[in-house]
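What follows is calculated from the coordinates using simple rules that are stated; it is not laboratory data. The shown structure was predicted, so the numbers you read here are calculated from the model rather than taken from an experiment. For neighbour counting, all protein chains shown are included, and Cβ atoms are generated from backbone atoms with ideal geometry for every residue, glycine included.
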Amino acid sequence: MNTKNDVEVIINGKQYTLSGYESSEYLQKIATHINDKYAEFKQEEGYTKLDADMKNILLAINLSDEYYKVQQSVEELQKEKEDLEKEIFNMKHDMIAMKAQLDEREKEVGDLQGEKTEAEHKVIRLETELEGVKAENNATKGKNYGNNQYSGNRRK
């Protein structure tokens with residue numbers, strides 16, 4: 001459990017004791033912020049003519065304004081973060097779908113390469129058979145040609 005800190009600070013020229021569970025440094029930052037606000041107000045024309053209550057109300061209004069603007073900014077950033085998270089989710093989903101498509105295409109490429117290799121082997125086998133058939137035909141033609149000449153000579 002955190003311990004409570006008491007810190008002596010000066011706000012608008014007066015000494016106060018701030019107590020809180022935050023660090024001493026944090027409580028000093030709060031006092032510095034308030035002093036900076038008072039310094040800003042003192043630069044404004046007419047501020048010195050205001051009574052103490054009005055000065056305090058002006059400080060409260062300005063601090064509340066800062067708070068709500070920061071709160072609105074936080075909400076906008078939170079919404080932007082949520083939108084970005086949704087976009088990242090959708091992108092991851094798209095990546096997974098694309099990876100599945102890529103895997104499918106790679107399998108198709110592998111299958112087609114296998115079919116191509118088979119077709120190349122078949123072409124080689126058919127070319128070899130064709131050469132063999134051509135060689136047989138040439139050999140048969142040679143025998144037939146020789147027989148035809150011989151038989152033709154006999155007829156004379």
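Here is how the numbers come out for the structure above:
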| read-out | value |
| --- | --- |
| Straight-distance crosslink candidates among lysines, where the alpha carbon sits under 24 Å from residue 107 and sequence neighbours closer than 8 are dropped | 92, 99, 116, 122 |
| Of 66, 76, 40, the one that fluctuates the most in a GNM where the chain has Cα springs shorter than 10 Å | 40 |
| Environment charge of residue 79, counting only residues whose C-beta is closer than 12 Å and scoring Lys/Arg +1, Asp/Glu -1 | -4 |
| Entries of 49/69; 4/29; 37/81; 4/69 with Cα pairs more than 20 Å apart | 49/69; 37/81; 4/69 |
| Rounded tilt (10° steps) of 52-155 against the dominant C-alpha axis of the chain | 0 degrees |
| Selection from 20, 91, 59 lying farthest towards where the dipole of the chain points positive, charges on Cβ | 91 |
| Among 63, 130, 27, residue whose mean-square fluctuation peaks in a GNM of the chain (springs only between Cα atoms under 10 Å) | 130 |
| Cα-Cα separations in the chain greater than 20 Å, expressed as whole percent | 78 percent |
| Relative contact order %, the chain, counting alpha carbon pairs below 8 Å whose residues are six or more apart | 9 percent |
| C-alpha long axis of helix 24-43 to longest principal axis of the chain, angle in ° | 70 degrees |
| Most fluctuating residue given options 62, 35, 137, as computed from a GNM of the chain linking Cα atoms under 10 Å | 137 |
